[in-house]
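The values are calculated or read from the model by the stated rules, or taken from the named source; none is laboratory data. Just so we're clear, the structure is a prediction, and the values are computed from it rather than from any experiment. Quick reminder, even Gly has a Cβ in these numbers, built from the backbone with ideal geometry, and neighbours come from all protein chains shown. Only protein heavy atoms, including side chains, enter the accessible area calculation; ligands, DNA and RNA are left aside. Shrake-Rupley method; radii C 1.70, N 1.55, O 1.52, S 1.80 Å.
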Amino acid sequence: MASVDTSIPEHATGAAAGLISQHSAEPAVTLYGSWFCPFVQRVWIILEEKKIPYQYVEINPYRKDPSFLAINPRGLVPALAVPPDDHGNPRKPLYDSTVIAEYLDEAFADTTTNTTTEYGAATAAAAAAPRFLPADDPYERARCRLWIDHINTRIVPAFYKFLQQDPSDASALAEARAHFLEQLRLLVREMDDTLPYFLGEEFSLVDAMLAPWAVRLFLLDHYKPGGVGVPAPEHGGENEQDWVRWRVWFDAVHERRSVRGTMSDAAAYVEVYKRYADNTTHSLVGQATRMGGRMP
Ligand SMILES: N[C@@H](CCC(=O)N[C@@H](CS)C(=O)NCC(=O)O)C(=O)O
């Protein structure tokens, strides 16, 4: 029944609620988001990291309101309204978290922008923003995109497969867990040795793209017998070093201000993700997981 997902609580709680209350006026960029959505959190993290002034508008994407479909015809959050340009062209919509994240990284990286529009202050504030894809190294930029693709097409689907797996089928659950952990480990092996993030000292787009699922791993501990299953220290066997590296990344991301600040209360996620854990969600992600189809 459609009501399963439209009954989701209307608003964020915890740190995320505080942040939203500071971002309710209309500035340069508007983020149409849902407090529970990890794809939204990706974009939200980038906005916070780059200190881009933004307005946050809460949407229930399962309602498919015509006013929201006019912004994103796919009916999915996140969607973004980008600022009018200097030539008087109006606000324009953008969607898909990966596309939006790259757009924000590029559009709010330019220190030469010196606009006198009402959005001038906003642009100036973002002038010194860091780049989250390496701006001057095409190979490294391509490598980041490759591993963002791995996150989108391997890790994220494996997360939902694991979360939606019926735990009464112990061998299917073990298989879903093993597959998820292997996809995670393949990414970890690509991480820089100089710690803590994918590219080393600097937080990158790769980190931002995975962080929302990292901070939702506790849901697997909550709902699936045996939990996530990352081997405990000194129990990683031949992969011990990979899991040591994983824990360093995981701790750094967990502590990151932009990540913590965009989280609601743990109990709220537990309630909402029950729809995934018992495999009754009608979300497009949930359906793709069930049918083995392409993620939205
Ligand atoms: N590929 C999209 C996926 C976004 C997505 O699936 N968002 C979910 C919320 S977490 C949504 O809007 N679901 C609405 C639906 O399934 O009908 C992205 O990266 O932005």
Practice prompt. Straight distance only, please: which aspartates and glutamates reach the Cα of K64 with their own Cα at less than 17 Å, same-chain residues fewer than 8 apart left out?
Written response: D5, E10, D96
Worksheet entry | q = 0.07, 0.17 Å⁻¹, the chain: log10 I(q)/I(0) [Debye, one scatterer per Cα] | -0.27, -1.57
Worksheet entry | Radius 12 Å from Cβ of K224, net charge of other residues (Lys, Arg +1; Asp, Glu -1) | -2
Fill in: Beta bridges by DSSP in the chain, antiparallel share as percent, to the nearest 5
60
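Counting only protein heavy atoms, what percent of the accessible surface of the chain is carbon or sulfur at a 1.4 Å probe?
Numbers: 7490 of 13790 Å².
C and S fraction of accessible area: 54 percent.
Using a 1.4 angstrom probe, figure out how much accessible area the chain has per residue, in square angstrom, rounded to the nearest whole. Provide the component values of the computation, followed by the final result.
Working: 13790 Å² over 296 residues.
Accessible area per residue, the chain: 47 Å².
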Discussion item. Let me cross-check K274: its accessible surface, 1.4 Å probe, with only protein heavy atoms counted, in Å² to the nearest 10?
Written reply: 110
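What does the net charge come to around N72 if you take all other residues with beta carbon closer than 15 Å to its beta carbon, with K and R at +1 and D and E at -1? Intermediate values should be presented prior to the final figure.
Details: positive: R63, K64, R74, R91, K92; negative: E58, D65, D96.
Charge balance in the 15 Å sphere: +2.
Calculate for the chain the 222 nm mean residue ellipticity that helices alone would give, adding -39,500 (n - 2.57) per DSSP H run of length 4 or more and normalising by residue count, nearest 500 deg cm²/dmol. Each step should come with its number before you reach the end.
Values: 16 runs with 142 residues, N = 296.
The per-residue figure over the chain is -13500 deg cm²/dmol.
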Worksheet item: Setting aside same-chain residues fewer than 8 positions from K161, which lysines have a Cα under 24 Å from its Cα?
Response: K224, K274
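Where does each of E190, E201, E240 land when they are ordered by accessible area, with a 1.4 Å probe and the largest first? If you can, show how the numbers build up before the last one.
Values: E190 65, E201 120, E240 35 Å².
The most accessible residue leads, giving E201, E190, E240.
Going by the alpha-carbon gyration tensor, a ≥ b ≥ c the square roots of its eigenvalues, is region 138-291 rounded (a/c under 1.5) or, if a/c is not under 1.5, prolate (a/b greater than b/c) versus oblate? Could the numbers behind the result be given before it?
Values: a/c = 1.59, a/b = 1.42, b/c = 1.12.
It comes out prolate by the Cα gyration axes.
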